[in-house]
Amino acid sequence: MSVVPIATARGLVKTYGDGDTAVHALAEVDVDFGRGEFTAIMGPSGSGKSTLMHCMAGLDKATAGVVTVDGVTISGMKEKQLTRLRRTRLGFVFQAFNLVPTLTALENITLPLDIAHQAADKVHLDRVIAAVGLEGRLSHRPAELSGGQQQRVACARALVSKPAVIFADEPTGNLDSTAAAEVLSFLRESVQALGQSVVMVTHDPVAASYAQRVLFLADGRLVSELREPTPQSVLDTLGALTRRTSAKPMVSAGSTIGSGSVGVN
């Protein structure tokens, strides 16, 4: 299946430190993330999965390589430009809900638009609110909401400005299984019903199974991919990666993990 990319990286390198003490978090990664697709990123601890997402989202600067999001090359952008991009074209959901405690759920949802001095698209706002299922809780403040409801507010906030991509970093890490399922179902629904593009970092095979595609990293390299994953297929792949003494590429070097191919660079 061929999917048009919404975000791409070519030759992405991220190195921390210098000389013998240097840590290579990403090693010349080539990757495409599909438009209107839910992609999960997984891998052992220290594999570079969060670093990859942060570089793709402009939250961290790569040492080398080119990152393009929605047709815009963000590599080399100045911080002011990146801030504008993150505010207008990207959505974020983190493990911590990051809601403003003095604002209502509705005010938290519309906060990115308020900061950007933009009027809400009422039709889109109503559609997002209906999707998260919080119509009866919009006047409540975060302390009056459950953890799952707070994270759904955070998801709605990420969606309200019609971002090109939503980046989610362990979005269910602070939730119980029931609340996690609610949030993950909403993210999947945002892709299927709203055409949203979602990239999620997770360590949880069950969470990853909500995605349409899972990419696996080891030692800063993309080494495998699953389509239409199940919790068991994710567990099996993670087990194979963990058993490796050295993360050798599962396919020939020089190919690209794209919207419909498997590879590593």
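Going by what's in this entry, would VAL128 be described as over 17 Å from the mean Cα position of the chain (by Cα), surrounded by 22 or more Cβ atoms within 10 Å (Cβ to Cβ) and either touching a residue at least 60 places away in the same chain (Cβ under 8 Å) or part of a helix (DSSP H, G or I) (or both)?
yes
ALA105: open to solvent by less than 40 Å² (accessible area, probe 1.4 Å) and at pLDDT below 85, yes or no? Give the steps one after another, and end with the answer.
Working: open to solvent by less than 40 Å² (accessible area, probe 1.4 Å): yes; at pLDDT below 85: no.
No; evaluated as a whole, the condition is false for this residue.
Find all pairs meeting these conditions: Cβ atoms under 6 angstrom apart; at least six residues apart or on different chains; first residue within the range 35-53 and over 19 Å from THR242 (Cα atoms); second residue in a loop (DSSP other than H, G, I, E, B) and open to solvent by 20 Å² or more (accessible area, probe 1.4 Å).
ARG35/VAL4; GLY36/GLY195; GLU37/VAL3; GLU37/GLN212; PHE38/GLN212
Taking the range 64-81 on its own, how many of its residues are surrounded by 15 or more Cβ atoms within 10 Å (Cβ to Cβ), farther than 24 Å from SER190 by Cβ and without any contact (Cβ under 8 Å) to a residue 40 or more places away in the chain?
Selection size over the range 64-81: 2.
If you check THR110 against the conditions, is it hydroxyl-bearing (Ser, Thr, Tyr) and either free of Cβ contacts under 8 Å to residues at least 40 places away in the same chain or open to solvent by 30 Å² or more (accessible area, probe 1.4 Å) (or both)?
Criteria not met by THR110.
Among the candidates GLU135, GLU170, GLU144, GLU182, which residue alone is touching a helix residue (DSSP H, G or I) at 6+ places or on another chain (Cβ under 9 Å), touching a residue at least 24 places away in the same chain (Cβ under 8 Å) and more than 22 Å from GLY58 (Cβ to Cβ)?
After applying the criteria, what remains is GLU182.
Name the residues in the range 161-190 that are of a type in the set (Val, Ile, Thr) and open to solvent by less than 10 Å² (accessible area, probe 1.4 Å), would you?
First, the residues of the range 161-190 that are of a type in the set (Val, Ile, Thr): 165-166, 172, 178, 183.
Scanning the range 161-190 gives VAL165, ILE166, VAL183.
The values are calculated or read from the model by the stated rules, or taken from the named source; none is laboratory data. In this text the structure is predicted, and so the values were computed from the model without any measurement. Positions of Cβ are backbone-derived with ideal geometry, glycine not excepted, and every protein chain shown enters the neighbour counts. Note: areas computed on protein heavy atoms with side chains; ligands, DNA, RNA excluded. Shrake-Rupley method; radii C 1.70, N 1.55, O 1.52, S 1.80 Å.
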